[in-house]
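Notes to accompany the following structure.
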Amino acid sequence: MADGPIHELIERWHRHMRGDLPGGLDELLHDDVVFLSPVVFTPQKGKVLTTMYLSAAGQALPGEGATSVADAVANQSSSGGFRYTKEVLDGHTAMLEFETTVEGKYVNGVDIITCDDHGKIVEFKVMVRPLQAVNAVWAQMGAVLESMNSTD
């Protein structure tokens, strides 16, 4: 099913990444969403935890504010900022490959997003490579999450 609900969801995801989606993550995430992190052993369940992790990633990964793949291709010379480079969409699943730099280390990864029939994200999995990048992302995310928790 080439025109599955994932196509419209990813359009909205890109709008969210640009800051152009009223309602933001609350609009996109299912109440029972599961977030799978490259640096946390257990799945994080629910909209509150997933929002926290995705918001932390927005602060931890430089240049967040990613655009569509077409815009990313047009801006290949960007200075290490977060950008999507490829996407594969089918039915209820999307794989969005990204690149960025964290603490001077090249980061390459994929967001694997699964939605329900209503276009709400039910699973968000992040995979990152190489190992030095995983370690840098882990340290950066830890610092951001700690600062988020200390302001509560």
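The values are calculated or read from the model by the stated rules, or taken from the named source; none is laboratory data. No experiment lies behind these values; they were computed from the predicted model shown. Don't worry about glycine lacking a Cβ; one is built from the backbone with ideal geometry, like all the others, and counts go over all protein chains shown.
For residue 148, the criteria (1) in contact (Cβ under 8 Å) with a residue 60 or more places away in the chain; (2) part of a strand (DSSP E or B) hold in every case but one, which is (2). With respect to residue 99, is the statement that it is modelled with pLDDT under 90, among the charged types (D, E, K, R) and either surrounded by fewer than 16 Cβ atoms within 10 Å (Cβ to Cβ) or not in a helix (DSSP H, G or I) (or both) true? Against the criterion (modelled with pLDDT under 90, among the charged types (D, E, K, R) and either surrounded by fewer than 16 Cβ atoms within 10 Å (Cβ to Cβ) or not in a helix (DSSP H, G or I) (or both)), residue 99 does not qualify. Looking at this structure, is residue 114 in contact with a Ser or Thr (Cβ under 6 Å, 6 or more places away or on another chain), outside any loop (DSSP other than H, G, I, E, B) and at pLDDT 95 or above? Criteria met by residue 114.
Considering the range 53-90, the residues that are modelled with pLDDT of 50 or more and hydrophobic (A, V, I, L, M, F, W, C) include one that is farthest from residue 137 (Cα to Cα), namely 89. Scanning the range 123-133 for residues that are surrounded by fewer than 17 Cβ atoms within 10 Å (Cβ to Cβ) and either at positive phi or in a helix (DSSP H, G or I) (or both) returns 131, 132.
For the range 29-44, the set of residues classified as over 15 Å from residue 141 (Cβ atoms), touching a helix residue (DSSP H, G or I) at 6+ places or on another chain (Cβ under 6 Å) and either surrounded by 13 or more Cβ atoms within 10 Å (Cβ to Cβ) or at pLDDT below 90 (or both) consists of 29, 33, listed by residue number.
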